[in-house]
1. I'd like the residue in the range 204-216 that is touching an Asp or Glu at 6+ places or on another chain (Cβ under 8 Å) and in a loop (DSSP other than H, G, I, E, B) and, out of all such residues, is nearest to residue 124 (Cα to Cα).
2. Select from the range 251-279 the residues that are surrounded by 22 or more Cβ atoms within 10 Å (Cβ to Cβ), more than 24 Å from residue 302 (Cβ to Cβ) and in contact with a Pro (Cβ under 8 Å, 6 or more places away or on another chain) and list them in ascending order.
3. Residue 220 is checked against (1) hydrophobic (A, V, I, L, M, F, W, C); (2) surrounded by 24 or more Cβ atoms within 10 Å (Cβ to Cβ); (3) on the phi > 0 side of the Ramachandran plot and fails just one. What number does that condition carry?
4. In the range 364-380, which residue that is among the aliphatic types (A, V, I, L, M) and assigned to a loop (DSSP other than H, G, I, E, B) is surrounded by the fewest Cβ atoms within 10 Å (Cβ to Cβ)?
5. Suppose we keep only residues that are touching a Lys or Arg at 6+ places or on another chain (Cβ under 8 Å), outside any helix (DSSP H, G or I) and without any contact (Cβ under 8 Å) to a residue 40 or more places away in the chain within the range 292-312. Which one would you say is surrounded by the most Cβ atoms within 10 Å (Cβ to Cβ)?
6. Mind listing whichever residues of the range 537-573 are out of contact with any helix residue (DSSP H, G or I) (no Cβ under 8 Å at 6 or more places or on another chain) and charged (D, E, K, R)?
7. Considering the range 386-417 alone, what residues qualify as being hydroxyl-bearing (Ser, Thr, Tyr) and within 17 Å of residue 433 (Cβ to Cβ)?
Amino acid sequence: MKRMFDTFGLGNLELANRFVFPPIKLGYGNPDGTVTDRQLNFYQQIAKSGPGLVIIEPVSVTADGREHPKQPCVHLPESAAELKKIADVIHGQGSLACLHLNHAGAAANPKATGSGPKAPSVISCPTTGQNSDPLSGEEIRTIVFGYSDAAKKGVEAGFDLIEIQAGHGYLISQFLNNKINNRDDLYGEDRLLFAREVLAAVRVGATAIPLIVRISGNEMSPDFGISQEDLIPLLKLGEEVGISAIHVGMGNVCFSPPWYFHHSSLPDKPQMDSLTWVREHTSIPLIVAGRMGRKEKILKVLDDGLADLVALGRPLIADPDLVLKWQKGADDEVMYCGYCLQGCLHRLKNGEPLGCNLNPAIGLPELEPTANPLKVLIAGGGPAGMSAALYMTRRGHQVTLAEKTDHLGGQFAIAWQAPGKEKMKQGLNTIERSLKDCGASVLMNKPVDAALVKEIEPDLMVWATGAVQNIPEIKGLGDQHVMTSIEYFQGEKEVKGPRVLVIGAGRAGVEIAEKLGKEGYEVVATKRTDPIGSMMEMITKKLALMRIGQMEKVTLMPHTTVKEFKTDSVEMEKDGKKLSVELFQTVILSSGMLSAQGPDDEILNAVPKTEMIGDAKEVQDIFNAVHAGYGLALKY
């Protein structure tokens, strides 16, 4: 394990360990490109006792290459001074700072740029839903100059290294790619020309500091992704011009987003195969990126000589102290990322700042001790209740958490059982351990009633009892073998087959249908409205529906209402038309959740103050539940 913490020479620099924080879009900046306190808090948290090198979020070398309205700027006169704030914070924690330069090309976001995207040729990017216009020669020269100017500003801002994005389906990759570069000028005849000009321009702007080139080992898109043959000239160019490292990710931002974001359900083999291929074709030191937050995987990559440095992005967002905990041998204390994309990517795509299901404090100032310690009783040990107990205890409150069942976690305790979400279980386990170690009193098999309230005499009651299944009124439902989605995941009732009806094909319903389909059941999942899989993170949904589409025995039926269960049929209505289908041996209700019953008057009258949080207040998701607990701690 010690080899993970060995120093490593990169150009004329020495990294304190083998860990790198990769460029991750945050959505924390101001729209005018100025830096915010939350950005500085974030980079301070990441750099503190963490990776030897921190690569900051992508900056576009010209305004027309931006992806996000709150992306930092490098093209403005004041950009160097603003970016220096970030570099100084990283240096203040003892890490090296790297500026990441990019131009999104066909993947540029018109909401961020104010204009349509430009690319080598006309390219339709499904991620943005936009068609690009071909770049003119003059526009290409402007972008190349933008790289040189950006590199110069990076040096002025005090960055130790510069990384050039040449993969993932962004502009340099678009020029290299013979499937989408259809130009009939020099940039089409010599597809390496643009990359060569960019690297030369960056070296003019940054004459002495090491350069990193980021690529996709495989863009995982046979129809549109760059071929490995088109990558070889770039790798050779890197050797010729003295690039200090190649940063190897996966996927294409337009044509294979699941691989670009390294979703949890994807297999490891294509990544390892691609990394092996890159290792065979260059002698330049390699940084490996993508789902590297498990120690066993890191050690294997290092021991097999596939990479020299390891990028940890989302794992350090979930737990900024991950590297330090590993170094101390405190593996059980690590808050492990589940790669679900729910708190990070899902929020950014919805226009919100990056967050994390497991770490509501990311980018925020440290909690301060409260000036008014309270005796707090929390009803419910689900995500909201556990979060409230953890963070209120850290502030100095005397906390008792009472859970009516024999286990903690609520719906979090069953979420990891869905296909592709198995890695979420480690995060839940860590929250449970943290709760038991934080000093809070935890009472199991203990519902909160008036007697318990009178015994504890809390100053504050926190009602976090979660949600219960909504039971639809359907004639004949009581005569069926029925279970709720929670009962299904908890294994409380036996699933009888061969035919299973899932009522409600939202997030849980889709996950149940896929799980049953993999087990060989004949499944029909209905939803009164569209879309199927509502509330699911977009990539999770896309992958789940793709897998279900390959299952002959699973049928998804949007715009379908179950009307009645008869002795010999089930009556439904689809798109206004009536239909009868064969009976099912099991009916699983996934028809939405309702807030659990609130405290009764006797309880309310026995406490000075009551707060409702999480699903008990409004049914949402794990992210909002965990953040509700943290928000309550901030309030008190």
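1. So the first thing to find is which residues in the range 204-216 are touching an Asp or Glu at 6+ places or on another chain (Cβ under 8 Å), and the list is 205, 209-214.
Within this subset, residues satisfying the condition of being in a loop (DSSP other than H, G, I, E, B) are 209-210.
Values: 209: 36, 210: 35 Å.
Only one residue tops the list, namely 210.
2. 254, 255
3. (2)
4. 371
5. Among them, the one singled out is 306.
6. Once the filter is applied, which keeps residues that are out of contact with any helix residue (DSSP H, G or I) (no Cβ under 8 Å at 6 or more places or on another chain) and charged (D, E, K, R), the range 537-573 yields 552, 563, 564, 566, 568, 571, 573.
7. Taking the range 386-417 and keeping what is hydroxyl-bearing (Ser, Thr, Tyr), we get 387, 391, 393, 400, 405.
Within the range 386-417, 387, 391, 393 qualify.
Rundown of residues vs (1) out of contact with any strand residue (DSSP E or B) (no Cβ under 9 Å at 6 or more places or on another chain); (2) surrounded by fewer than 21 Cβ atoms within 10 Å (Cβ to Cβ), yes/no style:
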{"position": "583", "(1), (2)": "no, yes"}
{"position": "586", "(1), (2)": "no, no"}
{"position": "589", "(1), (2)": "no, no"}
{"position": "600", "(1), (2)": "yes, yes"}
{"position": "605", "(1), (2)": "yes, yes"}
{"position": "609", "(1), (2)": "no, yes"}
{"position": "613", "(1), (2)": "no, no"}
{"position": "627", "(1), (2)": "yes, no"}
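The values are calculated or read from the model by the stated rules, or taken from the named source; none is laboratory data. Not measured: the values here are computed from a predicted model. Every residue, glycine as well, gets a Cβ built from its backbone with ideal geometry; the counts of neighbours run over all protein chains shown.
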